[in-house]
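Asker: One structure coming up, written as structure tokens, with questions to follow.
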Amino acid sequence: MQALGQLEQAEASYRRVEDRVPDYAPAHFNLGNALKAQGRLDEAERSYLQTVRIKPDHVQAWCNRGATLQGLGRLHDAEVSYGRAVQIKPDYADAYSNLGNTLGDLGRLDDAQANYLRALRIKTWAREAQQPAVRPELPPDKRGQEIFAARNGTSNEFGQPHRAAWPAHTNARTPHRLKVGYKA
């Protein structure tokens with residue numbers, strides 16, 4: 001129901017499950033998601049909190065609670081929640097990225113940068129583990145702004161401006177297409 005946008009019906013369903021099985025963490029978690037999608041952040045935060053009381057290692061509940069707290073402007077509480085998520089799952093890149101956002105909002109830019117770099121390293125490592133590729137290392141002596149400026153310079157030098165000069169393809173359009181994996 002929630003995936004279909006029927007948030008009120010999903011909420012009612014999750015509440016019925018909560019009434020029948022009060023210690024069922026997925027019902028509290030899903031209720032939190034439905035409430036958050038409706039913009040009811042205070043209630044969503046309470047549902048996520050109930051989820052982690054029942055199941056303290058529920059990483060996604062800690063992250064969703066952090067996002068909800070951040071939306072409520074409770075940045076220090078959000079920092080604690082994201083911190084708990086990365087404590088439970090140290091290779092969870094999204095939690096580091098969200099923690100970086102929170103720290104940036106708190107004005108702690110160096111801490112934010114450190115968490116963004118952790119997230120980037122985790123995502124890069126995961127991508128390389130699936131498909132090895134050559135990539136430049138981030139220089140350890142550079143700050144975030146310098147790396148970003150260098151990246152933009154490379155993009156401007158080798159990116160969009162050259163695409164305009166590429167010739168258009170000369171393949172003839174035809175209604176007969178190759179159908180790979182298609183069964184008639």
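The values are calculated or read from the model by the stated rules, or taken from the named source; none is laboratory data. If you're wondering where the values come from, they're calculated on a predicted model, not measured in any experiment. All Cβ positions, even for glycine, are placed from backbone atoms using ideal geometry, and neighbour counts span all protein chains on display.
Asker: State which residue is farthest from residue 65 (Cα to Cα) when the search covers only the stretch 95-114 and only residues that are buried (at least 19 other Cβ atoms within 10 Å of the Cβ) and of a type in the set (A, V, I, L, M).
Answerer: Taking the candidates together, the pick is 112.
Asker: Which condition number in (1) polar (S, T, N, Q); (2) surrounded by fewer than 16 Cβ atoms within 10 Å (Cβ to Cβ); (3) in contact with a helix residue (DSSP H, G or I) (Cβ under 7 Å, 6 or more places away or on another chain) is the one that residue 6 fails?
Answerer: (3)
Asker: Please give the helices (runs of 4 or more DSSP H) falling wholly within the stretch 1-87 in which 1 or more residues are farther than 13 Å from residue 99 by Cα, in contact (Cβ under 8 Å) with a residue 24 or more places away in the chain and of a type in the set (Lys, Arg). Show your work before the answer.
Answerer: Details: elements: 7-20, 25-37, 41-54, 59-71.
Filter on the stretch 1-87 gives 25-37.
Asker: On to the next question. At pLDDT 65 or above and within 30 Å of residue 38 (Cβ to Cβ): does that describe residue 168?
Answerer: no
Asker: I've got another one for you. Among the listed residues 72, 41, which satisfies the condition of being touching a Leu at 6+ places or on another chain (Cβ under 6 Å) and surrounded by fewer than 17 Cβ atoms within 10 Å (Cβ to Cβ)?
Answerer: 72 is the lone residue from the list that is touching a Leu at 6+ places or on another chain (Cβ under 6 Å) and surrounded by fewer than 17 Cβ atoms within 10 Å (Cβ to Cβ).
Asker: Restricted to the stretch 9-30, and to residues that are of a type in the set (Asp, Glu) and surrounded by 13 or more Cβ atoms within 10 Å (Cβ to Cβ), which residue is nearest to residue 55 (Cα to Cα)?
Answerer: 18
Asker: Next question. Only one of (1) closer than 26 Å to residue 124 by Cα; (2) without any contact (Cβ under 8 Å) to a residue 12 or more places away in the chain; (3) part of a loop (DSSP other than H, G, I, E, B) is not met by residue 107, so which one is it?
Answerer: Just one mismatch for residue 107, condition (1).
Asker: Also: Return the total of residues in the stretch 81-94 being at pLDDT 95 or above and touching a helix residue (DSSP H, G or I) at 6+ places or on another chain (Cβ under 8 Å).
Answerer: The number of residues fulfilling the criteria is 8.
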